[in-house]
Each structure stands twice: as C-alpha cells, then as structure tokens.
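Notes follow once the structure below has been shown.
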Amino acid sequence: MIINYCDIELEVEFSYDPPEPETYDYPGSPDNASLESVELNGVDIFDLLGAEQLFEIEDLICKKMRE
C-alpha cells in the first residue's frame, strides 16, 4: 500500500487486524496495523524511523483501511 506521510509517498507492507465489535460481555477492540516494511524509492527505511513515526504511519494505515 502507498501512503502519504509528511508529503512523502511511502510503500508499506503490514498486517492488519480489523476492529472487533463490542458485545454484552466483551468490550471489543480497535483495529490495529503492524508494519513489516517501509520503503522509499525501493529502499527499506524501517530501521531509520523512530517509534513515534512508526506509530503515526500505522495510524494512517488504519485510517485508510477504514475507508
């Protein structure tokens, strides 16, 4: 999937867990994305990104998956 992060197009590979609905005896859970790779122009930059940047990218993926 290609996402736009800070006006830079990144190619990301990830695993995605959809949200689980709330029930009477289960509070449910939000969706979750786990990054596997982040590429810029064919170069994997995953290890160059900080924890906050990775979290923001995962959040962008979740938002895009909900669309």
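Within segment 1-40, the set of residues being at pLDDT 95 or above, farther than 21 Å from residue 67 by Cα and open to solvent by 50 Å² or more (accessible area, probe 1.4 Å) comprises 36, 39, 40.
Pairing residues of segment 52-64 that are within 16 Å of residue 17 (Cβ to Cβ) with residues that are among the small types (Gly, Ala, Ser) and loosely packed, with under 14 Cβ neighbours inside 10 Å, at Cβ distances under 8 Å and at least 6 apart in sequence or on separate chains, gives 58/34. Being over 13 Å from residue 60 (Cα atoms) and touching a residue at least 40 places away in the same chain (Cβ under 8 Å) is the filter here, so list the residues in segment 1-40 that pass it. 18, the sole residue that qualifies. Taken over segment 41-67, the residue count meeting the criterion of being open to solvent by 60 Å² or more (accessible area, probe 1.4 Å) and among the small types (Gly, Ala, Ser) is 2.
The values are calculated or read from the model by the stated rules, or taken from the named source; none is laboratory data. Because the structure is a prediction, the values reported are computed rather than measured. FYI the Cβ positions are ideal-geometry reconstructions off the backbone, even for glycines, and counts take in every protein chain you see. Ligands, DNA and RNA are stripped out before the accessible areas are found, and what is left, the full protein with its side chains, is counted by its heavy atoms. Shrake-Rupley method; radii C 1.70, N 1.55, O 1.52, S 1.80 Å.
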